[in-house]
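Enquirer: There's a structure below that I have some questions on.
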Amino acid sequence: MPSIALHARQQIALTPRLQQAVRLLQLSSLEFQQELREALDTNPFLEYVPPAQETGEAAEAAQGAAGIGTVEAAVPEAGVEIVASDGMDGAMDDGAMSLESSSYSGEMAVPGSLRASNHRGPDDGDSEASEWVRTPISLREQLHDALRLAPLDDLDRAAAQLVIEALDDDGYLRQDLADIAHVDGVGDTLDEDRLRVALRVVQTLDRPGIGARSLSECLALQLDAMPGDTPQRDLAHRIVTEHLERLARRENGELQRQLGCDAHTLQSACALVRHLDPKPGEYYGRADGGYVVPDVIVRQVRGRWVVSVNPAIEPRARIHKLYAEMFARSDQTSRSPLAQQLQEARWLIRNAHKRCETILRVGECIVARQKAFFQYGEIALRPMLLRDVADELGLHESTVSRATGNKYMATPRGIFEFKRFFPRELETRTGGTCSAAAVRALIKEMIDSEDPRDPLSDVVLTQELDRQGVRVARRTVTKYRQMMKLPAAEMRKQF
C-alpha cells in the first residue's frame, strides 16, 4: 500500500549570496568588470560613480548610507541562509557574509570604457550592440571577395571556389587535386587540369604563400613575390626548394658546400628565409590579443614590498540614493521584483569588495613568502603550495585556488600570474628542496652562457645540475627546456 512518511536529514547548501561570492572570486579582472557593467545596465538601484567625483561626493556618499539603512529595514531577508560548514570558502566568513541592516555605500570601479547608464538616450534607437561589433574577416571570405573581381568564366570560377574551400586555417591545400575533382556533386566538368589552373589563380588572389601544398612551396611563393633585385633572393629560393631540411638542422657547412657560397652570403640568404611567414593563413580571422589587467600592484617603498589593489578594478558603484528612498516610501512587499533587485545590488557590492579583499590578502601572502624572487629573480623562487597560503590566511584551499586563478600581479620584474608563484618541489642531493622554476632558471642560465660552437646537450645539463646538488632526470631537463621553447643542442650549434 502506498504511504507517506516524513524523514529529517541534514544537507549542506550554498545560499544565492554565497554562490555569487564564489563566482565573482573566480572571475578574471576583465570578466569581473563585464559583470559589473551588466549589473549597472540592468539593476536600477546601482549607479556608477566616476573617479572624478570621488573626493567631491565622499560626504554625500556617507550621508546616503543613512538613507539606505531605512530601506534595508523595510526589506527583510526572505528565507533562512544555510552556510556551507566544510569551510570550502573560508574567505566568505559568517561575519562578512551576513546581511546586516546597517547602511553600506560601497563604491565599485568600472573603467571609463565600461561606463554605463541605467537609461537609454533618445538617439539610441532599437539597434543592438552586437551590430556594431567588428568581426575579423576569415581567410575564405577574403579569398571569395577577391575572386569576384577576377575575370574568369563560370567553370574556372567554380574550380577556384572549390580550391578555396579546401584550404585549411594555415592557408595550405592539404588535399590532392585528384581528390577534389572527385567530390560528390562536381561531376565531370571540373578535371584535375582545370583545378591546377584554379590553384594558380588562388595563389595570386591575396597574400603570397596562400594555396601552397607544402612549406617549401609556401616559402618559394613568397620569395617569387619579392622584387627581383632583393639581395640573395635566388640563393634563398634554392635553399627553400632543395635544402630546407639542412637549414632546419643548421648544417651550415654542408649548405656552403652544396650552394658554393661563402659564410656571409649564406647567412644573408638564411636570414631572408627566416623572415618569411610559414603560416600565411593565420593572418586572417586573427582575434585581438587578450589584454592582461593586473589585479594587484607590487611596489618597493623604503625597502619594503607593498601590495595594493589595482585602482582600475576597484569597485566604485553604489546604491542609488534617490531610487532607494522612493522604494522605501512605496508600499512594495519584500517579495516584489524591485525588492529582489535592491537585495541583489547590496549583495553585489559586498561580494565585490570581499573579492578585492581576498585577492589582496592572497597577494600579500605570496609576496611575503616569495620575497627573494623580487630581489634575485626566478632562480630564487621557493616551492609553495596552495595549502601553505590557505593555512596562513585561515582560508580553505579551494578559496585560494579561486583567488589565484586568472589573477595577475604587476611587479618591477614584469606581470606574472599568481599561479607562477606556486612551483612544485624538487629534492636536492643534500636532502633539501628547490622549486621547479629555479631549476628552469638554472637551465636557462647554463644555455645562455654556453659556447655556441659546442652547445650543452640535455645529458650534460643534467650532469651540471647534479654537480650543483639538483637531482633531476634527463627527460625532466628535456621537458623544462621545451617548456621554455629552447631548441635542442644540435639546433643551437653555430659554425
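Enquirer: Residues T478, T411: which one is in contact with a strand residue (DSSP E or B) (Cβ under 8 Å, 6 or more places away or on another chain) and either over 30 Å from E31 (Cα atoms) or outside the structural domain of S29 (by TED's automatic domain parsing) (or both)? Steps first, answer last, please.
Expert: Numbers: T478 fails: in contact with a strand residue (DSSP E or B) (Cβ under 8 Å, 6 or more places away or on another chain).
Result: T411 is the single residue among T478, T411 that is in contact with a strand residue (DSSP E or B) (Cβ under 8 Å, 6 or more places away or on another chain) and either over 30 Å from E31 (Cα atoms) or outside the structural domain of S29 (by TED's automatic domain parsing) (or both).
Enquirer: Looking for whichever is over 23 Å from the mean Cα position of the chain (by Cα) and either among the hydroxyl-bearing types (S, T, Y) or crowded, with 19+ Cβ neighbours inside 10 Å (or both) here; the options are C270, C365. Which one fits?
Expert: After applying the criteria, what remains is C365.
Enquirer: If you check every pair at least six apart or on different chains, which have Cβ atoms under 9 Å apart with a residue in the stretch 248-275 that is without any contact (Cβ under 8 Å) to a residue 12 or more places away in the chain first and a residue that is in a loop (DSSP other than H, G, I, E, B) second?
Expert: These pairs meet every condition: E251/H243; E251/F495; E254/H243; Q256/D262; Q256/F495; A271/Q232.
Enquirer: Would you say V298 is buried (at least 18 other Cβ atoms within 10 Å of the Cβ) and either farther than 30 Å from Q494 by Cα or in contact with a His (Cβ under 9 Å, 6 or more places away or on another chain) (or both)? If you could, list the steps in order and put the result at the bottom.
Expert: Numbers: buried (at least 18 other Cβ atoms within 10 Å of the Cβ): yes; either farther than 30 Å from Q494 by Cα or in contact with a His (Cβ under 9 Å, 6 or more places away or on another chain) (or both): yes.
So V298 passes the test.
Enquirer: Does I319 count as surrounded by 20 or more Cβ atoms within 10 Å (Cβ to Cβ) and either more than 30 Å from L221 (Cα to Cα) or assigned by TED's automatic domain parsing to the domain that holds L247 (or both)?
Expert: Yes: the conditions hold for I319.
Enquirer: Mind listing just one residue for me: the one in the stretch 228-241 that is without any contact (Cβ under 8 Å) to a residue 24 or more places away in the chain and under 20 Å from A212 (Cα atoms) and, of those, surrounded by the most Cβ atoms within 10 Å (Cβ to Cβ)? Steps first, answer last, please.
Expert: The initial filter retains those residues of the stretch 228-241 that are without any contact (Cβ under 8 Å) to a residue 24 or more places away in the chain, namely 228-229, 234, 237-238.
Now narrow it down to the ones that are under 20 Å from A212 (Cα atoms): 234, 237-238.
Details: D234: 12, H237: 19, R238: 16.
Once the filter is applied, the top-ranked residue is H237.
Enquirer: Further, regarding this structure: Based on this model, can you work out whether L40 counts as among the hydrophobic types (A, V, I, L, M, F, W, C), closer than 17 Å to L342 by Cα, buried (at least 17 other Cβ atoms within 10 Å of the Cβ) and touching a residue at least 12 places away in the same chain (Cβ under 8 Å)?
Expert: The answer is yes for L40.
Enquirer: Then there is this: For L276, all conditions in the list (1) surrounded by 19 or more Cβ atoms within 10 Å (Cβ to Cβ); (2) under 29 Å from R420 (Cα atoms) hold save one; what is the number of the exception?
Expert: Result: L276 fails condition (2) only.
The values are calculated or read from the model by the stated rules, or taken from the named source; none is laboratory data. Here the structure is a predicted model, which means the values were calculated and not measured. As a convention, Cβ positions derive from the backbone with ideal geometry for all residues, glycine included, and neighbour counts pool all protein chains shown.
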